[in-house]
Amino acid sequence: MVDQLWKGRQSGPSASILVRMGQSIDLDIKLFRQDILGSRAHTIMLHSIGVLSQEESQTILAGLRQIAEEIEAGTLPLRAELEDIHTHVENRLIELTGEAGRKLHTARSRNDQIALDTHLYVRDQSVFTCHSLLGLLAVILKRSEEHRATILPGYTHLQIGQPVRLSHHLLAYFWKFLRDFDRFFRAMQTANRLPLGSGALAGVNYPVDREMVQKKLGFSELYENSMDAVSSRDHILEFLFAASVLAVNASRLAEEMILWMSSEFQFLELPDSLTTGSSIMPQKKNPDLAELVRGKSGRFISHLQNLLINLKGLPLTYNRDLQEDRFPLTDTAEQLELLIEALGALLEQAQFRPENMQKSLEAGFATATDLADALVKEHGIPFRDAHHITGRLISYCLKNGKVLQGLETQERAAIHGALTNDAFYFRAISLEASTEKKISRGGTAQGCQEMQTGLARIEFEKRSRISWPGPAPDLL
Ligand code: ARG
């Protein structure tokens, strides 16, 4: 058992329960890059204010580089009694560099250190997620452009409502995920603020150059209040919220894919490589990947709640409860990567079945309103009557197992004289013509689709040109 670095007034070994419950290294090892980067910036700053000599600074930087390699290679043993990532790095640095390493913790506390690590981590993960989302948005744009001419039922109450273009349906998700992108961008901005230099809570007894550390680490701002800096977890909350909304949007799309793949819908097929079979029912082709996307949302939402509940009522400033932020944060970041990749694969590889969409549209009398409107517009029939005539036609279809598209001239004539003209009738019930009448901005007509796609592309391009913050190159 090594002696903990924080041992001040305590004598003798810590109780086993304190060691086992107190450790966070199992999770914050995932923040080792951020921790070491922060220590590099701190070292350079300490040298600049004369706390470290040139030689000590070089020795520490070389030691930190070696430790990063050891962790990367998995050769640095993780020990519960060393608690966290900060202590593992510092302890190893002292082993490697002796006296110099013992000076690194000058003007620093683990309280501002963990705040720094999580800020850097949230910033990195938000940037990463934004990049993944751009990939997903590109897939949606591509698939929607392929399916401008495909018409499918649009639903309300999961009952067939009106025909829409598949491009329109897919682009609805484009805009949702674009807003998700903006939420991660916002989380990135909240995390882009330097907490280091706040010490344990009140500031430090050295003339530290916080602006220099801020610049080295590429932060756009720094915390102006040390107590705020070490107690705030807003940046993590915003990241978890962005992830929860994204997961909910993803879950709705996954649900639609699951429905559409069922034998009742048959609107799409997935390749075998993205589906599973059953150990007992040989006919099965299950959309497990889409179900997992749908199912992950509960996990994301609970992580957000977990941290909100943890923070509520915590007095300023640092309290050990804050260490519990590590699980929601790292688990969310890791699961997000999987979620976006899975969704991208599902969307990219789905084979849509326009012929079945058409069958559903016909069976659902999706253009009944269009027919009633045409009777009003072209035959001067009052809407109330037109509605009634169309209703009678539909009940005739239902009784005789027919669809509007399959009715003979005489069958229609028996309902109402205005329905005998074939050209009028088939134009009025045409699925394509129905979508073409939805010419309001944001509607499903072909022209509106073109405009919408153009706008979507502009928004996409804007976001792919963002220049992201990051550490100064000489720090890496
Ligand atoms: N492992 C701790 C955490 O992650 C580091 C800060 C500990 N500070 C303290 N005063 N015990 O939150």
Q) For Thr129, all conditions in the list (1) buried (at least 18 other Cβ atoms within 10 Å of the Cβ); (2) in contact (Cβ under 8 Å) with a residue 60 or more places away in the chain; (3) within 16 Å of the ligand (Cβ to nearest atom) hold save one; what is the number of the exception? A) (3)
Q: Find all pairs meeting these conditions: Cβ atoms under 6 angstrom apart; at least six residues apart or on different chains; first residue within region 98-112 and over 16 Å from Leu37 (Cβ atoms); second residue within 16 Å of the ligand (Cβ to nearest atom) and open to solvent by 20 Å² or more (accessible area, probe 1.4 Å).
A: Ala107/Val204; Ser109/Ala200; Asn111/Ala200; Asn111/Tyr318
(Q) Of the conditions (1) in a helix (DSSP H, G or I); (2) more than 24 Å from the chain's Cα centre (by Cα), Ala333 satisfies every one except a single condition; which number is it? (A) (2)
**Q.** Per-region count, region 303-318, residues touching a helix residue (DSSP H, G or I) at 6+ places or on another chain (Cβ under 8 Å) and within 16 Å of the ligand (Cβ to nearest atom)
**A.** 8
Q: Count, please, the residues in region 112-126 that happen to be of a type in the set (Ser, Thr, Tyr) and within 16 Å of the ligand (Cβ to nearest atom).
A: 2
**Q.** Residue count, region 327-356 (criterion: within 16 Å of the ligand (Cβ to nearest atom) and open to solvent by 10 Å² or more (accessible area, probe 1.4 Å))
**A.** 2
Q. Mind checking which residues of region 198-234 are among the β-branched types (Val, Ile, Thr) and over 17 Å from Ala41 (Cα atoms)?
A. Val230
Q) Considering region 430-472 alone, what residues qualify as being assigned to a helix (DSSP H, G or I), more than 25 Å from Val139 (Cβ to Cβ) and open to solvent by less than 50 Å² (accessible area, probe 1.4 Å)? A) Leu431, Ala433, Ser434
Q: For Leu93, state whether it is under 15 Å from Leu37 (Cβ atoms) and either surrounded by fewer than 21 Cβ atoms within 10 Å (Cβ to Cβ) or away from the ligand (no atom under 16 Å from the Cβ) (or both).
A: yes
Q. Mind checking which residues of region 390-429 are crowded, with 18+ Cβ neighbours inside 10 Å, among the hydrophobic types (A, V, I, L, M, F, W, C) and not in a loop (DSSP other than H, G, I, E, B)?
A. Leu393, Cys397, Leu404, Ala418, Leu419, Ala428
Q. Do we find that Gly135 is away from the ligand (no atom under 16 Å from the Cβ) and at positive phi in this structure?
A. no
Q. So which of Ser244, Ser279 is in a helix (DSSP H, G or I) and either at pLDDT below 95 or touching a His at 6+ places or on another chain (Cβ under 9 Å) (or both)?
A. Ser244
Q. Hey, does region 34-45 have a residue that's touching a helix residue (DSSP H, G or I) at 6+ places or on another chain (Cβ under 8 Å), small (Gly, Ala, Ser) and open to solvent by 20 Å² or more (accessible area, probe 1.4 Å)?
A. no
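The values are calculated or read from the model by the stated rules, or taken from the named source; none is laboratory data. Predicted, not measured: the structure shown is a model, and the values here were computed from it. Every residue, glycine among them, receives a Cβ derived from its backbone with ideal geometry; neighbour counts consider all protein chains shown. In case anyone asks, the SASA skips ligands and DNA or RNA and just uses the protein heavy atoms, side chains included. Shrake-Rupley method; radii C 1.70, N 1.55, O 1.52, S 1.80 Å.
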